[in-house]
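Scroll down for the structure; my scribbles are underneath it.
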Amino acid sequence: MPKFTKITAIISLVVSASSLLISPHALAQSLPDDEMFDPVKVINGLQISRQACKEMEGRQTAVWVSVEDTGYCLRYYAAGLKTDGQNSLAIVWMPGDVMGGPNGVRHQAGLGVAAMIEQSKVQSGRYGVPFIFLARPGTYGSAGKHYDVRHTPLEAKLMAAAIDTLKSRYGIASWVLGGHSGGGTLAAELLARRNDLQCVVLSSPAAAYRARLKARGWVSRLKTEVFFDPYDSLKQIPDQPARRIFLISDPRDSNIPFSTQELYFKGLESRGHAAWLVPLMKARGPTYHSLVDFGQAAEGMCADGVATDVMLKTLRAKPMESDRISN
């Protein structure tokens, strides 16, 4: 082989190797920083300017969405996404409420951006599927006043817009959508609005919200509270036989009574949707409400194509819910 041909071949190999190192198929994930979540900001409400949001977008931890003529910066913490806009499937998780009242914050103490990204890395690595933790308004660094916006039609619009933006940004073809408690309520509402859902996992959701208020004796709130109720949207859920829906709840749950979970499930079942009610006495007292470990495990297995009977067996064999901070 002539000398110049050998040199050309060597250069070609080097270029090819370099191309592999910077391949557009490289995995993307949110970039950590030292931001910690401040409970005071959760109580008072958090505002994030468009410019500040752009900087967060550059680190892949935020999306700017506009709803009802107002812009909001919503945060997300992702791992395992391809950067070339070719993500056939991704998991998105929406957390539960972080406030039990207007002046009390739970679930975020000691957490920040880096910790949430690490959680996403673990989930993505465990199941080999991109994972996105999508923070609701006013929680986990997202803009908004959580106590005022939670469970309202505005929140549903904001989260739907954030998911659409992420879908466009990363070229996501379909989703495994899940959430716990208030996040599960949102997932149930979005189930009626989307035809790109491969699986939906509802962990202890208030999916029959009006029934929950009645069961808890909060009838007066029916006249004063502005809310969305996924039970009212059952008839709008697209008919997609291949999509699987899992509703996971502890029958002892004192926060969202199990009877309301059954009511929503029967609504799914009567309309012919492929749905499973999964009662698990695995939550911790005294409320027996949190089943986040199980919801996220169900998302991962469903995304990985695990058969339903194997999923259910695995969930039933898992140890009780861990004593976790995030939800």
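The values are calculated or read from the model by the stated rules, or taken from the named source; none is laboratory data. Predicted model only: the values in this text are computed from it and were never measured. Ideal geometry is used to build each Cβ from the backbone, glycine not excepted, and the neighbour counts take in all protein chains shown.
Condition check ((1) surrounded by fewer than 20 Cβ atoms within 10 Å (Cβ to Cβ); (2) at pLDDT 95 or above; (3) of a type in the set (G, A, S); (4) within 17 Å of Y209 (Cα to Cα)) across all residues:
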site: A242; (1), (2), (3), (4): yes, yes, yes, no
site: I245; (1), (2), (3), (4): no, yes, no, no
site: S254; (1), (2), (3), (4): yes, yes, yes, yes
site: H273; (1), (2), (3), (4): no, yes, no, no
site: V292; (1), (2), (3), (4): no, yes, no, no
site: A298; (1), (2), (3), (4): no, yes, yes, no
site: V310; (1), (2), (3), (4): yes, yes, no, no
**OP:** Taking the residues in the range 54-97 that are at pLDDT 95 or above and among the charged types (D, E, K, R) as candidates, determine which candidate is nearest to F131 (Cα to Cα).
**Re:** R75
**OP:** Return the pairs, sorted by first residue and then second, in which the second residue is among the β-branched types (V, I, T) and surrounded by 24 or more Cβ atoms within 10 Å (Cβ to Cβ), the first residue lies in the range 134-146 and is free of Cβ contacts under 8 Å to residues at least 40 places away in the same chain and over 10 Å from P39 (Cα atoms), the beta carbons are less than 7 Å apart, and the residues are 6+ apart or on different chains.
**Re:** none
Original post:
Can you tell me which residues in the range 54-76 are more than 16 Å from Y170 (Cβ to Cβ), in contact (Cβ under 8 Å) with a residue 40 or more places away in the chain and not in a strand (DSSP E or B)?
Top reply: E68
**OP:** Being under 20 Å from Y231 (Cα atoms), outside any helix (DSSP H, G or I) and polar (S, T, N, Q) is the filter here, so list the residues in the range 156-200 that pass it.
**Re:** S181, N195
Original post:
Has the range 222-235 got at least one residue that is farther than 19 Å from L197 by Cβ, outside any strand (DSSP E or B) and of a type in the set (V, I, T)?
Top reply: yes
**OP:** For S254, indicate whether it is in a helix (DSSP H, G or I), closer than 23 Å to V292 by Cα, over 20 Å from the mean Cα position of the chain (by Cα) and of a type in the set (S, T, Y).
**Re:** no
Original post:
So is E299 touching a Gly at 6+ places or on another chain (Cβ under 9 Å) and charged (D, E, K, R) or not?
Top reply: yes
Original post:
Going by the structure shown, is Q261 out of contact with any helix residue (DSSP H, G or I) (no Cβ under 7 Å at 6 or more places or on another chain) and under 24 Å from D309 (Cα atoms)?
Top reply: yes
**OP:** Might you let me know whether the range 203-215 holds any residue that is crowded, with 19+ Cβ neighbours inside 10 Å, at positive phi and modelled with pLDDT of 95 or more?
**Re:** yes
